[in-house]
Amino acid sequence: MSKDAQGPSIRRVSTGQAPDGKSVIVSDADVAPVEAPLMPGAKFYSVWGADSMPALPNDGAEPAFRTWFPPDGGYRFEFIVIPPDGASPPPEVDRAAALAETEKRLPGLMDVMDPKHPGWHTTDTIDLLYVVSGACVLKLDSGETTPLKAGDTLIQTGARHAWGNPSGQDCTLLVVSIGVKRGG
């Protein structure tokens, strides 16, 4: 996935096993946020992930994956910053170019979004979320809304949903997404 140089980075330290079986630090690097032109103020940090479950022991090399959401059997570890409500792209934005740029920066993200209802989406994932800071509102297509604040957790099981943030401050979510196969 492509990275943006804007915004604060997140430090990622990863371990692995050397050929002699000893545990070692393999990487100590910063993960920069990815921003999308159609979502001003939102930041996406892709910390780690794979398109299938790894085997152990392994050398700790960063797995390659191509899309924001994991396929069945894959996983992602990420942070998402939801900006306060009201942020919208400038009216003069070239929508086709912005969609293409979003696809380049966050492959597959727009595939799950409902074009008739901005922000609404459904993914074939189980998402384990923790609100690191700020507050947001989970919206479900049943009309239910649930406010979440720092320290709250959410297990999101492939439900159609959208996020709101009426708090006036950024909301940071830690997310682990596990790809699952959706049945009939």
>> I need to check one value: relative contact order of the stretch 27-109, counting alpha carbon pairs closer than 8 Å and at least 6 residues apart, in percent.
In response: 38
>> What does the extension gain come out to for residue 72 and residue 100, with contour length at 0.36 nm per residue minus their alpha carbon separation?
In response: 7.6 nm
>> Considering just Cα atoms, how many Å³ per residue does the convex hull of the chain enclose?
In response: 133
>> For the chain, what does the relative contact order come out to in percent, with C-alpha contacts under 8 Å and a separation of six or more?
In response: 22
>> 5 Å is the cut-off here: which amide hydrogens, built 1.01 Å from N in the peptide plane, fall below it relative to residue 49, excluding neighbours closer than 5 in sequence?
In response: 77
> What ranking do 113-123, 96-106, 72-82 get when scored by the average of other Cβ atoms within 10 Å per residue, highest first?
Replying inline: 72-82, 96-106, 113-123
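None of the figures in this text is laboratory data; all of them are computed from the coordinates on show. Since the structure is predicted, the reported quantities are computational estimates derived from the model, not experimental observations. Heads up, the Cβs are rebuilt from the backbone with ideal geometry, glycines too, and the neighbour counts pull from every protein chain shown.
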